[in-house]
Amino acid sequence: MNGRSMWPWGHLAVAYLLFTVVTHRRFGRPPRAWPAIALAVGSQMPDLIDKPLAWNFGVLPGGRTLAHSLFVVACLVPAVLLVAGRLEGRAVGVGFLVGYGSHLLADIPPAVLSGEFAYAAYLLWPVLEQPPEDPVAGIFDAIFHYYTMGPYEWVQFGLFAVAALAWYRDGMPGLGLVSASLERRLGVES
């Protein structure tokens, strides 16, 4: 693939670092648990939709199309805010949308910085054609062949380490809720 792609932990790192900075500046506190969980889910959602539909089922022409399109985002934002507002969980909806939006921005490959704008065309799919992408024969093929390790990927590991430290410093928002839910589901007593 000519335009580099971000790994899941890179998306999570970018989303969390953005969210914690904004939350600290705006509210003077770390992110709350439910918005942090929604942020994590939102940061992965475009790939959880597009990649299986393209790579496993052949429904989409590439791994950055439908859920990576700004046209979908234009429908998603008001829908999420409406539902979140009705459920009195606006902060959760905002967390999800920050994660989702940061995913799209973080997927813009470094090649765009050198003027190769075609690699950001996915943002306007289906109006603009999907950027060139190496064929992938399913998710396991992608893990072993589609993604490569280079300087860009090592930067993502560094970002993830910084985000993990920030999350720890913030009191690990969301971990308690996830742990308690898993313990209930697995029947584990604390």
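The values are calculated or read from the model by the stated rules, or taken from the named source; none is laboratory data. From a predicted model like this one, the values you see are computed outputs, not experimental measurements. Neighbour counts run over all protein chains shown; Cβ positions are idealised from the backbone, glycine included.
A few points about this structure:
- One residue from Val14, Val21 being crowded, with 16+ Cβ neighbours inside 10 Å and hydrophobic (A, V, I, L, M, F, W, C): Val14
- Checklist (1) assigned to a helix (DSSP H, G or I); (2) in contact (Cβ under 8 Å) with a residue 40 or more places away in the chain applied to Val80, failing item: (2)
- Being at pLDDT below 85, in a helix (DSSP H, G or I), surrounded by fewer than 18 Cβ atoms within 10 Å (Cβ to Cβ) and hydrophobic (A, V, I, L, M, F, W, C) holds for only one residue in Val162, Val112, Val155, and it is Val112.
- Flag for Leu105 being at pLDDT below 95, within 20 Å of Val72 (Cα to Cα), of a type outside the set (Phe, Trp, Tyr) and more than 14 Å from the chain's Cα centre (by Cα): no
- Residue count, the stretch 54-90 (criterion: among the hydrophobic types (A, V, I, L, M, F, W, C), at pLDDT below 95 and farther than 22 Å from Trp9 by Cβ): 4
- Only a single criterion out of (1) surrounded by 15 or more Cβ atoms within 10 Å (Cβ to Cβ); (2) closer than 28 Å to Ala118 by Cα; (3) small (Gly, Ala, Ser) is not satisfied by Gly93, namely (2).
Yes/no matrix, rows are residues, columns are (1) within 29 Å of Asp170 (Cβ to Cβ); (2) in contact (Cβ under 8 Å) with a residue 24 or more places away in the chain; (3) assigned to a helix (DSSP H, G or I):
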{"site": "Val14", "(1), (2), (3)": "yes, yes, yes"}
{"site": "Leu18", "(1), (2), (3)": "yes, yes, yes"}
{"site": "Val22", "(1), (2), (3)": "yes, yes, yes"}
{"site": "Pro35", "(1), (2), (3)": "yes, yes, yes"}
{"site": "Gly62", "(1), (2), (3)": "no, yes, no"}
{"site": "Ala74", "(1), (2), (3)": "no, no, yes"}
{"site": "Gly85", "(1), (2), (3)": "yes, no, yes"}
{"site": "Gly93", "(1), (2), (3)": "yes, yes, yes"}
{"site": "Phe96", "(1), (2), (3)": "yes, yes, yes"}
